[in-house]
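Taking it in order: structure first as structure tokens, then the write-up.
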Amino acid sequence: MTFSGPVETNSTQMIDPFGRHVTYLRVSVTDRCDFRCVYCMSENMTFLPKKDLLTLEELDRLCTAFVAKGVRKLRITGGEPLVRKNIIWLFEALSRHLQAGALDELTLTTNGSQLPRFAGQLADCGVKRVNVSLDSLDPEKFRKITRWGNFDQVMRGIDAAREAGLHVKINVVALKGVNDDEHDEMIRWAHGAGMDLTFIEAMPMGDIDGDRSDQYLPLSVVRARLMDNWTLIDIPYKTGGPARYVQASETGGKIGFITPMTHNFCESCNRVRVTCTGTLYMCLGQDDAADLRTPLRSDDSDRLLAAVIDEAISRKPKGHDFVIDRRTNRPSVSRHMSVTGG
Ligand code: SAM
Ligand code: SF4
């Protein structure tokens, strides 16, 4: 196996016009998925032609260029990252930056379906934590939300991850009238197994088959309801992402809230995202982007790539302005979450 060379550490760091250091990169390695979650995709999705995707070698070069520019945390996502062919090759390649101390964390977000196959190999590559998305503990409801997902397979995936020594965090998109009756039970289940759990507000990204205003549930409401049954204590815990955490006194476990809609977390934003075609988005909620595939393919030295990244970071916007209401029944950004990666 050959990987592009070691990281050159004398490159400039990425600091945006608002003084925020960019140290966190999320990379979507595919727009494809084995599920069709109702809030994320429509059932009949048209995916990108495979030739438009960066190769795994190109993804490695790209991530390496960002590590050289000060990225300390790398999250592999999608689509479903574990359905990308040979994906373990990329984790193996990137693990050299962990070993060299250039990277603090290599992690992924997954729907869990492929973890029975890959959990052990991911752990061998230095992955310590994994976010698994799970919106219901009821197999029937799970099937309705994911359309194509198999609940037992995901449960086996979570078990495999824990057996491999990975720390699992459960991500739950709060869906009005769908899973709001299960939030207490999900906390009990996750904390009982030593897993933290994070609630996410549904974001208006990409066309789906239904009306988003029917799904949207502000986390302020979720939190107020939880307080009927739980003693929630604000804690300063941070994982490098946008979640704010509380601890439930009853279990000692953590509950995170990611609130792009009700609370703008942009002031502390330290991250950027790259799609599987090499498009760099400086903000999840804005359309401005930079093409990294062209410099990647036209200059083997990566100098051009570094220059394009610098120019893009100088345009990182102050924040996003997502809106979900009945009058604005259009996505705030046209691309799906599965394109930019959650
Ligand atoms: N397929 C993997 C998974 O589901 O974990 C990784 C990609 S998925 C796009 C990443 C995260 O984004 C998941 O937790 C998913 O629930 C969340 N997500 C997808 N579409 C969303 C939306 N419109 N609003 C809020 N969260 C969304
Ligand atoms: Fe697939 Fe993840 Fe989107 Fe669900 S949320 S359709 S699992 S990419």
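Couple of notes before you dig in:
- Per the conditions (1) more than 16 Å from ligand 1 (Cβ to nearest atom); (2) touching a strand residue (DSSP E or B) at 6+ places or on another chain (Cβ under 6 Å), the sole criterion not satisfied by Gly19 is (2).
- Residue match in segment 254-265 (condition: modelled with pLDDT of 80 or more, surrounded by fewer than 18 Cβ atoms within 10 Å (Cβ to Cβ) and more than 16 Å from ligand 1 (Cβ to nearest atom)): no
- Sub-9 Å Cβ pairs linking a first residue in segment 167-195 that is more than 19 Å from Thr259 (Cβ to Cβ) and in a loop (DSSP other than H, G, I, E, B) to a second residue that is of a type in the set (A, V, I, L, M) and within 16 Å of ligand 1 (Cβ to nearest atom), at least 6 apart or interchain, are Gly177/Leu217; Ala193/Ile158; Ala193/Val168; Gly194/Val168; Met195/Val132; Met195/Ile158; Met195/Val168; Met195/Ile170, ordered by first then second residue.
- Flag for Met45 being open to solvent by less than 20 Å² (accessible area, probe 1.4 Å), over 23 Å from Gly165 (Cα atoms) and either within 16 Å of ligand 2 (Cβ to nearest atom) or among the β-branched types (Val, Ile, Thr) (or both): no
- Scoring Arg61 on the criteria (1) within 16 Å of the chain's Cα centre (by Cα); (2) open to solvent by 10 Å² or more (accessible area, probe 1.4 Å) leaves a single failure, condition (1).
- Just one residue in the set Arg96, Arg143 is more than 15 Å from Cys37 (Cβ to Cβ), in a helix (DSSP H, G or I) and open to solvent by 20 Å² or more (accessible area, probe 1.4 Å); that residue is Arg96.
- Qualifying residue in segment 82-91 (condition: away from ligand 2 (no atom under 16 Å from the Cβ) and touching a strand residue (DSSP E or B) at 6+ places or on another chain (Cβ under 9 Å)): yes
- Within this structure, Ile208 passes the test of being part of a loop (DSSP other than H, G, I, E, B), crowded, with 18+ Cβ neighbours inside 10 Å and aliphatic (A, V, I, L, M).
The values are calculated or read from the model by the stated rules, or taken from the named source; none is laboratory data. What you are looking at is a predicted structure, and each value in this text was computed from that prediction instead of being measured. A quick note on method: Cβ atoms are made from the backbone with ideal geometry, for glycine too, and the neighbour counts reach across all protein chains shown. Remember, those area values only see protein heavy atoms, side chains included, never the ligands or the DNA or RNA. Shrake-Rupley method; radii C 1.70, N 1.55, O 1.52, S 1.80 Å.
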